[in-house]
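Just below is one structure, and these are the notes that go with it.
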């Protein structure tokens, strides 16, 4: 259960959800028939790689560290397996990171530079919410590509996550 006096706990749940949703989507992407849907697989990997790249940019921003990333996607396209492994590492980093934050750090404003060289400033809380919403938005786009390939996307909503990881939530009080 969440302590209403602690605003960090919901972030812990959201980043656990993000990792769970990413794993479910990568599992579904591994089922794509490459012989008939290679373009769709490539497009989904490009979208997932964009999410990963932005996650890494904000990982550096959250630590007030410079990064050498100059675009929101990479010129090369990793394999599905390589990308999934890399996403798992960054998802784990975010889960560990939010678990250690206190409210003072969460509300600290940090200056950074976007990949287009424009200056930016956000609180850690705003950056973390951006990472969550950005990933969800683009996972939805990948879901639409899957539908176009004749596949059903995973049921990766927060409610499904909460009820599958905490079955007691289904019990009547």
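The values are calculated or read from the model by the stated rules, or taken from the named source; none is laboratory data. Please read all numbers here as calculations on a predicted model, not as lab measurements. Neighbour counts run over all protein chains shown; Cβ positions are idealised from the backbone, glycine included.
Among the residues of the range 46-66, is there at least one that is touching a residue at least 60 places away in the same chain (Cβ under 8 Å), closer than 29 Å to residue 167 by Cβ and over 12 Å from the mean Cα position of the chain (by Cα)?
no
Restricting to the range 42-51, count the residues that are surrounded by 18 or more Cβ atoms within 10 Å (Cβ to Cβ) and over 9 Å from residue 145 (Cβ atoms).
Within the range 42-51, residues that are surrounded by 18 or more Cβ atoms within 10 Å (Cβ to Cβ) and over 9 Å from residue 145 (Cβ atoms) number 5.
May I ask you to list the residues in the range 81-101 that are over 16 Å from the mean Cα position of the chain (by Cα) and surrounded by 14 or more Cβ atoms within 10 Å (Cβ to Cβ)?
Listed by number, the list holds a single entry, 101.
The rows are residues; the columns are (1) modelled with pLDDT of 95 or more; (2) more than 21 Å from residue 65 (Cβ to Cβ).
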position: 112; (1), (2): yes, no
position: 120; (1), (2): yes, no
position: 138; (1), (2): yes, yes
position: 164; (1), (2): no, yes
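For the range 67-91, give me each residue that is out of contact with any helix residue (DSSP H, G or I) (no Cβ under 7 Å at 6 or more places or on another chain) and in contact (Cβ under 8 Å) with a residue 40 or more places away in the chain.
From the range 67-91, those out of contact with any helix residue (DSSP H, G or I) (no Cβ under 7 Å at 6 or more places or on another chain) are 68, 70-71, 75-76, 79, 81-82, 85, 88-89; that's our starting set.
Within the range 67-91, 70, 71, 88 meet the criteria.
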